[in-house]
Amino acid sequence: MMIKINSLPIEQCNACPEEYSFGVTFSDHMFLQNFDQDNGWNDANIGPYRPLSLDPSAAVFHYSQEIFEGLKAYKDVNGGINLFRPEENIKRFNRSAKRMVMPEVDEALHLDAIKSLVKIDKAWVPDQKGASLYIRPTMIATSPKLGLGASSAYSHFIITGPAGSYFSGGLTPIAVFVSDEYRRAVKGGVGEAKTGGNYAASLLASEEVSKIGYSQVLWLDAVNGQYIEEVGAMNICFVYEGKKIVTPALSGSILPGITRDSILKLAPTLGYEVSEQKLDINEILADIDSGKITEVFGCGTAAVISPVGELGFKGNKHIINSNQTGPVSKHLYDELTGIQYGTHEDKFGWIHKV
Ligand code: PLP
Ligand code: COI
């Protein structure tokens with residue numbers, strides 16, 4: 001299927017602002033296609049960024065049949081624009097679609113849509129290292145019906161916007177609260193799908209911990225309340241004695257992060273050992289307190305590599321690396337962003353040129 005392009009005249013296009021934070025400013029154009037039972041996916045087009053018109057009874061508003069993705073386009077220091085492993089986001093989008101009983105999107109068309117959209121809005125890709133164009137593919141259920149069941153109509157759209165650091169301090173360590181009260185997801189549920197309800201379910205805990213000085217929640221498994229899963233907007237890694245990186249094994253209830261996977265592949269080439277394990281929160285906290293764990297960091301597309309300087313649990317504060325950014329977090333940040341911005345060789349073939 002061809003993508004119809006209806007771009008704004010150049011004089012109506014905006015340029016990237018000099019200042020931005022994450023997810024509040026959007027580029028001039030968007031991609032949209034619709035699905036119905038008779039035609040399948042149809043009317044793929046790129047046009048001006050605009051409001052959607054939906055029936056108030058649209059299924060997405062009532063039963064949260066929705067999925068999304070997050071990836072970035074980076075200005076390459078040598079010229080051009082880089083996408084980082086977009087095929088992985090496209091595959092995960094279809095896995096989420098399957099889990100939420102939504103129609104899959106043709107992978108080649110999805111990649112073409114992302115590349116074409118970034119090309120049209122290339123003036124919106126920030127120049128500064130550390131900033132990028134955030135890309136948000138989304139699918140919503142649009143059938144106007146209140147009976148509970150999978151929708152028969154869907155919209156798939158992609159919006160983009162310039163993004164700076166997800167956390168206001170950049171590489172400065174954040175404080176994370178381990179929730180003993182709330183649970184995010186359970187094996188057999190939808191925790192490993194990127195669907196809005198997982199995030200809505202996390203908001204109350206996030207609000208509560210932000211009032212006591214924490215910027216994210218670390219979730220424990222829902223059955224035992226004992227094993228570490230992930231953080232609200234990122235996966236989590238623990239560094240033992242500056243050389244071994246340990247992260248929770250994929251459990252079925254956590255998001256299989258693409259940044260997590262990239263670290264598991266990249267770190268061994270930099271001399272680190274890596275391991276995916278079932279991690280008991282009590283053992284991890286004991287290893288932090290004894291100094292065996294020398295660094296903790298979160299990893300995700302929006303979060304990149306975010307050092308964690310403190311874990312709060314059951315009224316106690318566990319301080320990591322004197323609340324400073326450690327050398328391993330910095331090293332991985334430099335190597336990963338080096339590939340993304342073209343200052344380091346892309347040995348894995350992760351970069352797609354736009
Ligand atoms: N876990 C959650 C809940 C997330 O929202 C994200 C961000 O997308 C991640 C982990 C990290 O995934 P990725 O590295 O693919 O962005
Ligand atoms: C991303 O990192 O792309 C995400 O989707 C996380 C989101 C909470 C901003």
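The values are calculated or read from the model by the stated rules, or taken from the named source; none is laboratory data. Keep in mind that this is a model prediction, so the values were computed, not measured. Note that we place each Cβ from the backbone using ideal geometry, even for glycine, and neighbour counts take in every protein chain shown. Areas reflect the complete protein model, heavy atoms only, side chains present, ligands, DNA and RNA absent. Shrake-Rupley method; radii C 1.70, N 1.55, O 1.52, S 1.80 Å.
Observations on the model:
- Per residue value of the accessible surface for the chain (all protein chains in place, 1.4 Å probe), Å²: 44
- Counting only DSSP beta bridges whose two residues both lie in segment 174-341, roughly 65 percent are antiparallel.
- Kirkwood hydrodynamic radius of segment 177-275, Cα pairs, Å: 14.3
- Cut-off 10 Å between beta-carbons: net charge of the residues surrounding His344, Lys and Arg +1, Asp and Glu -1: -3
- Computed lengthening from Glu276 to Asp112, 0.36 nm per intervening residue step minus Cα-Cα distance: 55.7 nm
- By the rule of a C-alpha distance below 23 Å, with chain neighbours fewer than 8 residues away ignored, the lysines paired with Lys211 are Lys314, Lys317.
- What the Cβ-Cβ distance of Glu207 and Glu104 gives, at R0 = 51 Å and to the nearest 0.05, is a FRET efficiency of 0.90.
- Its relative contact order, with pairs defined as Cα atoms under 8 Å and 6+ residues apart, puts the chain at 19 percent.
- The Glu283 and Lys187 beta-carbon pair, evaluated with R₀ = 25 Å, returns a calculated FRET efficiency of approximately 0.75.
- 20 Å-binned pair-distance histogram of the chain (Cα, whole percent): 29, 58, 13, 0
- Helix 281-290 axis, angle to the chain major axis (alpha carbon atoms, nearest 10°): 50
- Summary of packing: across the peptides 127-140, 243-256, 291-304, the per-residue average of other C-beta atoms within 10 Å ranks them, highest first, as 291-304, 127-140, 243-256.
- Compared with the dominant Cα axis of the chain, that is its longest principal axis, helix 107-120 is turned about 80°.
- The listed peptides 95-108, 32-45, ordered by packing as a protection proxy, come out as 95-108, 32-45 (highest mean of other Cβ atoms within 10 Å first).
- Note: relative contact order over segment 4-163, using C-alpha pairs below 8 Å and six or more positions apart, is 35 percent.
- The chain - percent of accessible surface contributed by carbon and sulfur, probe 1.4 Å: 51
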